[in-house]
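To start, the structure itself, in structure tokens.
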Protein chains: 2
Amino acid sequence: MKKDTGLILALDVTDRDSALSIVEDTVSCLDAVKVGYPLILSTGLSIIDQLRDISHVPVIADLKVADIPNTNHLILQQAYRAGASGVIVHAFTGQDSLMACTKEARKWKRDVFAVTQMSHPGAEDFLVDAAEDMAKMAVNCQATGVVAPATRPKMVRMIRQIIGDLIIISPGVGAQGGSAADTIQAGADYVIIGRSIYQSHEPGAAAKQIVDEISSAL
Amino acid sequence: MKKDTGLILALDVTDRDSALSIVEDTVSCLDAVKVGYPLILSTGLSIIDQLRDISHVPVIADLKVADIPNTNHLILQQAYRAGASGVIVHAFTGQDSLMACTKEARKWKRDVFAVTQMSHPGAEDFLVDAAEDMAKMAVNCQATGVVAPATRPKMVRMIRQIIGDLIIISPGVGAQGGSAADTIQAGADYVIIGRSIYQSHEPGAAAKQIVDEISSAL
């Protein structure tokens, strides 16, 4: 992905028909679509290519990859082969595991985003204290960008200072309580939004409203 | 799985034919088979049922689940539905995320193992310092057991003291340097072994040798 500002749809549904229908309704507002294991396990990796075909935007595989280096490499290889433009991976498994991911990304000329922090309450247990070091590690390992939580704009600001011009993608806007405008103003490039869009009666209108909010924040 | 001592095969190959052939060669020595995303993504979740059918031992899905609570719940639901006897999940994402996994496991009356530590060098970066707290969390969340590294027998011993009679499964024996006998003596219940078996010219004989080593340690 190029460094810009916009909206990534978190397509956290588990069936193919819903996934395709939501993307069709919202595609004019989207810069990328993010899919995770709940959808991939139920449909197979082929859903990535299918979503790319109907949307013509990058599809990011949010696999929260968190294994030893060789397993990470094998997982990313399969995601890129299936057409993913980028993969979301964890940094807490350490530098060698993250490096295995960024190396694979360079080989395929694709993106890899390292999680520096998460948006749920449990992130306070172990992840919060490691956020700064994980952001530095993402820079050292030459990740495309990082994932930082919209629910914690101060952390987005802190991470922006560490990572320079790497891309920040931020989940947690909407149902989880974060604001798109605040997140962009704190230094995020793309906000990642799921439920506020796909649980809406009018997903297209909900997505348009967020795009307008992002524009007003610039 | 019941609390006992034995061998879990880490089936870290990426094609169905190899996977089935290795299990057929080694099945008389195995207490369980562990499969990860590299194999599951290439074959689909159906590999779990297929392996169970030919082996008649439990199949553990090593998914290193590391997401927010709702996503964790959805991933475990799919793994259990596909026939997994247990799922390996991370504790690093915090108590609420782990609790979502153990709750799902109880609902299906299946196993869930929390990673308290990993066997690769990168585990030193963030995970080592959190091992004790993650082991306590596994107890609080009523996990079936924990994953602790055979490459660090002292840590296995420390974790055993924290978790009481929960099951410990230990990867890192063989190619990564750990010894099956030392790991069992340190308090592990099952050792998890991959390359030393499936890369052997005679996987059945290699598995038998490890089973003998385990018996000699008791």
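Values quoted throughout were computed directly from the atomic coordinates according to the rules given, and no laboratory measurement underlies them. Computed from a prediction, not measured in an experiment: that's the story for all the values here. Cβ: placed from backbone, ideal geometry, glycine included. Neighbour counts: every protein chain shown.
Things to note:
- Seen through its C-alpha gyration tensor, with square-root eigenvalues sorted a ≥ b ≥ c, the protein assembly as shown comes out prolate because a/c lies at 1.5 or above while a/b is bigger than b/c.
- Mean sequence separation of contacting Cα pairs (under 8 Å, at least six apart), scaled by the length of chain B, corresponds to a relative contact order of 20 percent.
- Using R0 = 60 Å, the C-beta based FRET efficiency linking A:E124 and B:E202 works out to 0.75.
- For A:34-41, mean number of other protein chain Cβ atoms within 10 Å: 6
- Pairs from the list A:K64/A:K109; A:K154/B:K64; A:K64/B:K3; B:K3/B:K109; A:K64/B:K34 with a Cα-Cα gap above 23 Å: A:K154/B:K64; A:K64/B:K3.
- Among B:S42, B:S170, B:S55, the largest mean-square fluctuation in a Gaussian network model of chain B (Cα springs under 10 Å) belongs to B:S42.
- Computed [θ] at 222 nm, helices only, for chain A once each DSSP H run of length n ≥ 4 contributes -39500 (n - 2.57): -14000 deg cm²/dmol
- Remark: A:V35, B:V27, A:V147, A:V23 ranked as B:V27, A:V23, A:V35, A:V147, counting other beta-carbon atoms within 10 Å and listing the fewest first.
- Annotation: peptides B:138-145, A:211-218, ranked by per-residue average of other Cβ atoms within 10 Å with the highest first, follow the order B:138-145, A:211-218.
- Per-residue mean of C-beta atoms belonging to partner chains within 10 Å, peptide B:65-76: 6
- For a label point 7 Å along the Cα-to-beta-carbon line of B:N140, residues of region B:64-105 with backbone N under 14 Å: B:91-100
- Annotation for region A:147-218 versus region B:61-122: alpha-carbon center distance of 28 Å.
- Qualifying lysines (Cα of each under 19 Å from Cα of A:K107; at least 8 residues distant if same chain): A:K2
- Exposure proxy order (Cβ contacts within 10 Å, fewest to most) of B:M118, A:M155: A:M155, B:M118
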